[in-house]
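The values are calculated or read from the model by the stated rules, or taken from the named source; none is laboratory data. Source: prediction; values computed, not measured. Because the Cβ atoms are built from the backbone with ideal geometry, glycine has one as well, and the counts that use them run over all protein chains shown. To get the accessible areas, we keep the full protein, side chains included, count just its heavy atoms, and leave off ligands, DNA and RNA. Shrake-Rupley method; radii C 1.70, N 1.55, O 1.52, S 1.80 Å.
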Amino acid sequence: MPKVSLLKVKDVEETVRKGIDLIGGIDVDYGDQIVIKPNICYHKDIYGNVNTDLRVLDAVIHVAKEHSNKVLVVESDSTSNPAEIRMEQSGAMGVIRKNQVSFLNLSHDEIVDVEVGERKIRLPKTVLEAPYFINVPKLKTHEITVITVALKNMYGLLPEKSKAAFYHPILEEIIPLINLAVKQDLIVVDGIIGMEGRGPIVGTPVNMNVILCGRDPVTVDSVAAHIMGFKPQKIKTIVKTHQGGVGEIDLSKIEVVGVAPKSVAKKFRGPEISVTGLAKDGTSTLRMLFLPSKTRLPGVKEVGIGVIGAGKIAELLHFPGYSKLENVRLEAAADPNQERLREIQKKFKVREVYTDYHDLLENKKIDAVSICTPPELHKTITIEALEKGKHVLCEKPLATNAKDCYTIMEALNGIKKIVMPAFNYRFTPSVKLANEIISRGKLGEIKEIKALFKSDQRTWKALTPFRFKDKYGVITDLGPHSIDMLRHLCGEIEKVQKATATIERYGVYDNADLTFDMENGATANIELSWFGESIIPSFPWEIRGKKATLKLDILRSPFSIKLRRKGEKRETKYAVESTLTDLVNKLTMAVRRTHYSYDAEINYFVQCAANNATPQVTIKDGTRCVEIMQEVSKKI
């Protein structure tokens, strides 16, 4: 009877080791090479639900090195970018360097024609001849194969850069062939944060907090499908590979050790929106709007948080985000306004309050801080927080000038702490979907970008007037998000071509028009305004390429984008979630002044702080934003 270990995660490496031991450990001669194939299918993974968790990869490498002095991590090129870029930008290459093991881009390996049944496929020689092969996949849904776990991860062995164009039409035929051709000696599944919905890139995170280990992909995927709420007998890749003589598909004939599958099982929403999916969305709506709930971040130790500044952004984004997490202790808040502190303490059950932020920084129970003060205080408080051993999430802009940003970077140098700029809109599902479409070349060469950010100050009702003391007003307020989104979606800005601004009501610039030249040759125009026609702010984008034009409104439709291909009159809508979820988010914004990206950003920061992991939203991003804003100010 084949055996699969299924364990809940407390410490990641400890769980990986125990899972491997429960199925018999690793049996390999010390001089033989161990080849490890993680799932690093995308260069950006801010939710932690796309790529193999780097902690899992790190743990597998540690175990492998105890059994062999020859450990090799492999990946191949994809449509979006070369393997080296994905590995570097995802952080996986850092794990490889830290462990002093080797990396091979399989697209550069010697390729061998392999006959499987009546078909012939091309596979890398290194994998075919590997004495010991470890598959380290992610627990996700897939829009073609329903799930992508061990079987689908082997698709990444194919060396062709344009494998999607060649093989996606026959994906359910080619995956069984690869798995029949390449023997897997060990499979370690990262099920810490899974993905449901439109996988494998733009789906929704699911906190599972499990690790699965096994010996063959059919048996492992059958157990994985079961805990995701799918029937393995209805998944073609599992059935066809099983028919080829691999593994077991019947759960009653599989020995599952550790925890019972039913104790961790959840009903994942498949890649197609269904009645079940809509019902789930509706239930989520009621819970989101009216019922308080707590979430435990998987694989994350408890973190003590302090919030410096108790204004609107702290009240609407930071305090609610932290208070929803079981792993977080809201240890303290600091603000000069004592009355405001009492309100915040009562509303969010903050343990301690201080009128002097220095007292907060002295609190030994605090591991990380959110800085929600006026921008002129950001540099000083960030540096002092680092000196006191705190991780930092700093509201935008990172500082009021580039020189101060460089000072923060110097202070961070050599310290094992993180400084993360609060660019929350990166965590919007529609932005992730747009990024995927652009990176895969679906728009062709980008020629023109237009964006408009409207956020009416009359509905925001800030508690302090600091925005109206800086003459650049709306540029300082809305500019950082706009510049960061432009860089995140379309690449680096080459120069500021033109900038104009006007004063209409607030005595500072409250409307601005900015034009940028991009390094990719495109021209970008961004309008900023403190005047809006609705209580819900808007942040629409139009990105025009040679092949197609993409549209999205980051604030009003955070789960969908529209695409119009060249020569077509109608736009096609692509959604990460159902239309109902999009409408729900608008209602939530109107009622509670919140947005999907708020909680997602807080969740990500807590995970990075808890694991001392460098965030993908880096201090360099915050610095570059301020540099560009300085160039804008010179043009006005």
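Could you tell me whether region 564-580 includes any residue that is crowded, with 19+ Cβ neighbours inside 10 Å and more than 22 Å from S430 (Cα to Cα)? Within region 564-580, none of the residues are crowded, with 19+ Cβ neighbours inside 10 Å and more than 22 Å from S430 (Cα to Cα). Checking K454, K417 one by one, the residue that is touching a His at 6+ places or on another chain (Cβ under 7 Å) and surrounded by 18 or more Cβ atoms within 10 Å (Cβ to Cβ) is K417 and no other.
Taking the condition of being of a type outside the set (S, T, Y) and within 30 Å of A130 (Cα to Cα), how many residues in region 196-222 meet it?
Result for region 196-222: 14.
Looking across region 169-183, just one residue is assigned to a loop (DSSP other than H, G, I, E, B) and open to solvent by 10 Å² or more (accessible area, probe 1.4 Å), and that is K183.
Among the residues of region 360-398, the ones that are among the aliphatic types (A, V, I, L, M), within 28 Å of the chain's Cα centre (by Cα) and either surrounded by fewer than 16 Cβ atoms within 10 Å (Cβ to Cβ) or in a helix (DSSP H, G or I) (or both) come to 4 in all. The set of residues in region 69-103 being charged (D, E, K, R) and part of a helix (DSSP H, G or I) consists of E84, R86, E88, R97, K98. Pairs linking a residue in region 409-430 that is more than 20 Å from K388 (Cβ to Cβ) to a residue that is polar (S, T, N, Q) and in a helix (DSSP H, G or I), with Cβ atoms under 7 Å and 6 or more positions apart or on different chains, are N424/S597; Y425/S597; F427/S597; T428/S597. Of the residues making up region 104-125, those that are open to solvent by 10 Å² or more (accessible area, probe 1.4 Å) and either more than 16 Å from L158 (Cα to Cα) or not in a strand (DSSP E or B) (or both) are S107, H108, D109, E110, G117, E118, K125.
Among the residues of region 78-90, is any of a type outside the set (D, E, K, R), buried (at least 23 other Cβ atoms within 10 Å of the Cβ) and more than 30 Å from G441 (Cβ to Cβ)? There is no residue in region 78-90 that is of a type outside the set (D, E, K, R), buried (at least 23 other Cβ atoms within 10 Å of the Cβ) and more than 30 Å from G441 (Cβ to Cβ). The residues on offer are T476, T459, T464, T500, and the sole one that is assigned to a helix (DSSP H, G or I) and open to solvent by 40 Å² or more (accessible area, probe 1.4 Å) is T459. Checking each residue of region 345-359 against the condition of being at pLDDT below 95 and in a helix (DSSP H, G or I) gives no match.
Residues that are among the basic types (K, R) and free of Cβ contacts under 8 Å to residues at least 12 places away in the same chain within region 337-362 comprise R342, K346, listed in sequence order.
Being farther than 23 Å from E196 by Cα, in a loop (DSSP other than H, G, I, E, B) and open to solvent by 10 Å² or more (accessible area, probe 1.4 Å) is a property that Y47 lacks. Scanning region 50-68 for residues that are part of a loop (DSSP other than H, G, I, E, B), over 15 Å from the mean Cα position of the chain (by Cα) and within 14 Å of E13 (Cα to Cα) turns up just one, E66. Within region 405-414, is even one residue of a type in the set (S, T, N, Q), open to solvent by 30 Å² or more (accessible area, probe 1.4 Å) and out of contact with any Phe, Trp or Tyr (no Cβ under 7 Å at 6 or more places or on another chain)? Looking through region 405-414, at least one residue is of a type in the set (S, T, N, Q), open to solvent by 30 Å² or more (accessible area, probe 1.4 Å) and out of contact with any Phe, Trp or Tyr (no Cβ under 7 Å at 6 or more places or on another chain).
Scanning for something within 14 Å of F268 (Cβ to Cβ) and among the hydroxyl-bearing types (S, T, Y), does region 210-224 turn up at least one residue? Looking through region 210-224, none of the residues is within 14 Å of F268 (Cβ to Cβ) and among the hydroxyl-bearing types (S, T, Y).
Residue pairs, Cβ under 7 Å, 6 or more apart or interchain, first in region 301-319 and charged (D, E, K, R) and assigned to a loop (DSSP other than H, G, I, E, B), second open to solvent by 10 Å² or more (accessible area, probe 1.4 Å) and modelled with pLDDT of 95 or more. List them. Sorted first by the residue in region 301-319, then by its partner, the pairs are E302/R329. Per the listing I178, I192, I201, the residue uniquely closer than 30 Å to P558 by Cβ and at pLDDT 95 or above is I192. Among residues of region 521-555 being basic (K, R) and not in a strand (DSSP E or B), the one that is surrounded by the most Cβ atoms within 10 Å (Cβ to Cβ) is K547.
All conditions but one from (1) at pLDDT 95 or above; (2) within 26 Å of the chain's Cα centre (by Cα); (3) among the charged types (D, E, K, R); (4) surrounded by fewer than 22 Cβ atoms within 10 Å (Cβ to Cβ) apply to K442; the one that does not is (1). Restricting attention to region 143-168, the residues that are assigned to a helix (DSSP H, G or I), within 19 Å of D216 (Cβ to Cβ) and not polar (S, T, N, Q) total 7.
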